[in-house]
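A short worksheet on the structure shown next.
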Amino acid sequence: MHPLDQKTIRAAFVNASRREVSDIAFAPGFDDLDWDRLDYLGWRDPKMAKRAYIVVPTVDGPVGIVLKQADAAPRSRAQCSWCQDVRLPNDVVVYGARRVGAAGRNGNTVATLICAEFQCSANVRTLPPTAYIGFDVEAARQARIAVLRERASEFALGIANGV
């Protein structure tokens with residue numbers, strides 16, 4: 001992911017009011033991010049426990065989305081829809097996003113299961129176990145990274161385009 005400054009990130013939000021954008025609180029350590037190891041940027045609002053933000057690089061440029069964590073937890077151990085790591089060291093939660101435009105103003109949302117603390121980029125970079133003799137673990141890791149980028153981008157573009 002290309003490095004982004006706070007001004008560019010604020011301008012990228014598609015499902016937020018001007019006030020919500022101006023109220024965005026960046027996570028501590030923002031200036032120390034390793035952008036080369038991120039496939040999307042995600043963080044929880046340090047002021048509001050149930051609010052989170054993601055910024056996803058897409059073919060149309062970065063897309064920022066305000067998320068709200070659902071009150072109910074998944075019934076059982078869930079799998080992240082984006083990184084699909086079956087050996088997750090972290091929790092997965094339901095995040096909802098208000099749709100853009102009239103649909104969003106009418107209260108329509110889209111939800112997905114994502115790693116609670118947005119660890120997907122780290123999860124897909126962990127070498128997978130060797131499935132068989134001759135299994136190319138590096139190729140498998142690169143494929144997981146590509147799939148994460150595709151899923152995150154599809155989600156972001158779906159919100160941005162009102163799909």
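The values are calculated or read from the model by the stated rules, or taken from the named source; none is laboratory data. Since we're looking at a predicted model, the values are computed, not measured. In this analysis, Cβ positions are derived from the backbone assuming ideal geometry, glycine residues included, and neighbour counts consider all displayed protein chains.
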> If residue 97 satisfies every condition in (1) of a type outside the set (Asp, Glu); (2) surrounded by fewer than 19 Cβ atoms within 10 Å (Cβ to Cβ); (3) touching a residue at least 60 places away in the same chain (Cβ under 8 Å) but one, which is the exception?
Replying inline: (2)
>> Go through segment 110-161 and report how many residues are within 28 Å of residue 99 (Cβ to Cβ), of a type in the set (Ser, Thr, Tyr) and modelled with pLDDT under 90.
In response: 0
>> So for segment 48-61 (the condition being more than 18 Å from residue 160 (Cβ to Cβ) and modelled with pLDDT under 90), does at least one residue qualify?
In response: yes
> Any idea which residue in segment 123-163 is surrounded by the fewest Cβ atoms within 10 Å (Cβ to Cβ), counting only those that are part of a helix (DSSP H, G or I) and in contact with a Leu (Cβ under 9 Å, 6 or more places away or on another chain)?
Replying inline: 138
> How many of the residues making up segment 70-91 are of a type in the set (Ser, Thr, Tyr), more than 15 Å from residue 117 (Cα to Cα) and modelled with pLDDT of 70 or more?
Replying inline: 0
>> Here is a check on your reading of the model: is residue 8 loosely packed, with under 15 Cβ neighbours inside 10 Å and β-branched (Val, Ile, Thr)?
In response: yes
> Within segment 17-75, can you find the residues that are small (Gly, Ala, Ser) and in contact with a helix residue (DSSP H, G or I) (Cβ under 9 Å, 6 or more places away or on another chain)?
Replying inline: 22, 42, 61, 64
> Hey, residue 38 hits all of (1) in contact with a Cys (Cβ under 7 Å, 6 or more places away or on another chain); (2) modelled with pLDDT of 90 or more; (3) among the aliphatic types (A, V, I, L, M) but one; which does it fall short on?
Replying inline: (1)
> Can you tell me which residue in segment 17-46 is surrounded by the fewest Cβ atoms within 10 Å (Cβ to Cβ), limited to those that are within 22 Å of residue 91 (Cβ to Cβ) and acidic (Asp, Glu)?
Replying inline: 45
> What number of residues within segment 27-69 satisfy the criterion of being within 22 Å of residue 113 (Cα to Cα) and under 15 Å from the mean Cα position of the chain (by Cα)?
Replying inline: 27
>> residue 9 - would you say it is in contact (Cβ under 8 Å) with a residue 24 or more places away in the chain, among the aliphatic types (A, V, I, L, M), under 27 Å from residue 147 (Cα atoms) and out of contact with any helix residue (DSSP H, G or I) (no Cβ under 7 Å at 6 or more places or on another chain)?
In response: yes
> Quick one: residue 105 ticks every box in (1) surrounded by fewer than 15 Cβ atoms within 10 Å (Cβ to Cβ); (2) touching a Gly at 6+ places or on another chain (Cβ under 7 Å); (3) basic (Lys, Arg) bar one, so which box is it?
Replying inline: (2)
